[in-house]
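Note sheet for the following structure.
Rule-based calculations on the coordinates, nothing more; no lab input. Values in this document were obtained by computation on a predicted structure and should not be read as measured data. With ideal geometry, Cβ positions are generated from the backbone for all residues, glycine too; neighbour counts draw on all protein chains shown.
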Amino acid sequence: MKKNFRKYSPGKGQRPSHEEAEGEVRAKKHLGQHFLKDEDVAEKIGDTLSYSGYKHVLEIGPGMGVLTKYILRKEIDVHVIEIDTESVAYLQEHYPQLQGKVHEKDFLKHDLSEIFGQEQFAIIGNFPYNISTQIVFKMLELRQYIPEFSGMFQKEVAQRICEKEGSKTYGILSVLVQAFYEAEYLFTVPPSVFNPPPKVDSGVLRLSRKEDFSLPCNEKLFFRVVKTAFQQRRKTLRNSLKSFDLPENIKEDSIFGQRPEQLSTTQFIELTQIIEPHAVRD
Ligand SMILES: C[S@@+](CC[C@H](N)C(=O)[O-])C[C@H]1O[C@@H](n2cnc3c(N)ncnc32)[C@H](O)[C@@H]1O
């Protein structure tokens with residue numbers, strides 16, 4: 001990591017400190033606002049997408065645009081979605097090239113087909129940590145439109161998403177994301193590069209959708225099996241998955257004798273295939 005962090009400045013020259021700068025957005029805790037003040041980190045995050053194989057990028061939560069400005073340098077159509085009216089006004093004033101592409105909406109509630117139709121788009125962001133899990137679940141729901149996803153989460157969340165089986169932090173997010181995406185933990189970012197600084201380290205990851213991302217099992221059932229198994233993660237699968245009306249001839253030493261954190265994504269798919277003929281259809 002470089003030592004001389006450059007201060008954040010939206011093209012108006014250096015300022016004594018972020019807190020003192022006039023006309024900037026006041027950080028609101030309930031919106032998870034921790035503004036990045038280090039240009040090198042912002043540029044590095046901007047470089048985490050490949051910008052190929054799709055025409056559009058959506059940035060979630062641009063705030064004052066510190067990351068946006070690096071995405072705008074790429075040859076790609078950039079849209080941003082921001083819930084905070086004050087940030088939206090700031091972006092409209094400082095980034096005229098975003099005209100018509102700043103969506104003042106809640107990412108979790110907005111229908112993104114209103115922006116991109118049925119076209120493919122990548123997602124990037126320094127995400128609001130208070131809704132990180134919901135962001136990942138929405139991305140999974142829309143996976144057929146999202147070939148690439150990168151950005152910053154609380155370090156533990158980023159690590160959990162990329163974790164492999166056998167670890168204590170391996171869980172629902174790891175299995176569900178890795179069923180459809182290659183997940184890479186890229187680098188750690190310290191609290192000192194934010195204003196206000198969060199209490200914990202942050203981590204940047206990249207998710208690249210697998211070429212064949214349709215599972216060889218009932219996908220709805222796969223989600224249910226994974227979630228149910230991890231709700232009682234200390235039980236063996238034969239106990240935690242009782243509600244699924246399992247086959248009667250389960251052997252002790254089979255996959256069902258294991259705990260969920262021991263199973264790879266592929267084994268969860270196999271498990272779903274075994275359960276599928278017995279599962280009550282919804
Ligand atoms: C951690 S800050 C990052 C801001 C900016 N990208 C940066 O790096 O300085 C998260 C941003 O997400 C925005 N945000 C929070 N909840 C949101 C939601 N549901 N939909 C869209 N934006 C949201 C906040 O207003 C804030 O600007």
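Quick notes on this one:
- Cα centroid of the stretch 156-203 to Cα centroid of the stretch 24-59, whole Å: 16 Å
- Here r is the Cβ-Cβ distance between residue 220 and residue 77 and R0 is 35 Å; the resulting FRET efficiency, rounded to 0.05, is 0.60.
- Which of 90, 181 has the fewest Cβ neighbours within 10 Å, and the rest in rising order: 90, 181
- Net length gained if the chain between residue 264 and residue 187 were fully extended (0.36 nm per residue, minus Cα distance): 25.3 nm
- Chain lengthening between residue 50 and residue 111 when straightened (0.36 nm per residue, less Cα-Cα): 19.5 nm
- A simple charge model with +1 on the Cβ of Lys and Arg, -1 on the Cβ of Asp and Glu and nothing else charged puts the dipole of the stretch 210-257 at about 360 debye relative to its Cα centre.
- Sparsely packed chymotrypsin sites (Phe, Trp or Tyr not before Pro) within the stretch 211-274, loop by DSSP, other Cβ within 10 Å at most 16: 213
- Over the stretch 219-278, the ratio between the Cα radius of gyration and 2.2 N^0.38 Å evaluates to 0.97.
- Sites matching GluC sites (Glu not before Pro) across the stretch 87-153 that sit in DSSP coil, with at most 14 neighbouring C-beta atoms within 10 Å: 119
- Folded to 0 to 90 degrees: helix 85-94 orientation relative to the chain principal axis, Cα: 50 degrees
- Cβ-based exposure ranking for 110, 56, in which fewest neighbours within 10 Å come first: 110, 56
- Two-site FRET efficiency, residue 201 against residue 250, from Cβ-Cβ distance with R₀ of 41 Å, rounded to 0.05: 0.45
- Debye intensity ratio in log₁₀ form over the Cα atoms of the chain, taken at each q of 0.08, 0.14, 0.15 Å⁻¹: -0.39, -0.99, -1.09
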